[in-house]
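Heads up: the structure comes next, in structure tokens.
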Amino acid sequence: MVSQDLLDILRCPHCVRNGPQAGLLTLVKGTWLVCQDCQRKYPIRDDIPVMLIEEGDKWVQTAEENLPVPPPG
Ligand SMILES: [Zn+2]
């Protein structure tokens, strides 16, 4: 389980440059972090959020309900 403290400080690496309130993430299905601004989706693998823009790019067109659990490695 990823700690709430960590989730509170994590931001989408693509959007965070737009300001401190940009790139806020929502935890989906316990294993995905979805950017509220750009809809990039970052998997949490082995309790470690993979905050890479290229990783988020892979899932930007995937609806939240279609995200695989667990995220593919
Ligand atoms: Zn974003």
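Contact map, the range 36-48: first residue within 12 Å of GLY73 (Cβ to Cβ) and touching a residue at least 24 places away in the same chain (Cβ under 8 Å), second residue β-branched (Val, Ile, Thr) and within 15 Å of the ligand (Cβ to nearest atom), Cβ cut-off under 6 Å, separation 6 or more or different chains; pairs are PRO43/VAL50. Residues in the range 21-30 that are out of contact with any strand residue (DSSP E or B) (no Cβ under 7 Å at 6 or more places or on another chain) and within 8 Å of the ligand (Cβ to nearest atom): ALA22 alone.
Could you list, in sequence order, all residues of the range 30-58 that are of a type outside the set (Asp, Glu), farther than 18 Å from PRO70 by Cα and assigned to a loop (DSSP other than H, G, I, E, B)? Across the range 30-58, the qualifying residues are GLN36, CYS38, GLN39. Is the range 13-20 home to any residue that is more than 13 Å from the ligand (Cβ to nearest atom), of a type in the set (Lys, Arg) and surrounded by fewer than 16 Cβ atoms within 10 Å (Cβ to Cβ)? No - not one qualifying residue is present in the range 13-20. Residue count for the range 43-63, restricted to those that are within 9 Å of the ligand (Cβ to nearest atom) and either surrounded by 14 or more Cβ atoms within 10 Å (Cβ to Cβ) or modelled with pLDDT under 95 (or both): 1. Checking each residue in the range 16-29 for being without any contact (Cβ under 8 Å) to a residue 24 or more places away in the chain and part of a loop (DSSP other than H, G, I, E, B) picks out GLY19, PRO20, GLN21, ALA22, GLY23, LEU24.
The values are calculated or read from the model by the stated rules, or taken from the named source; none is laboratory data. On a predicted model such as this, the values are computed, not experimentally measured, just so you know. As a convention, Cβ positions derive from the backbone with ideal geometry for all residues, glycine included, and neighbour counts pool all protein chains shown.
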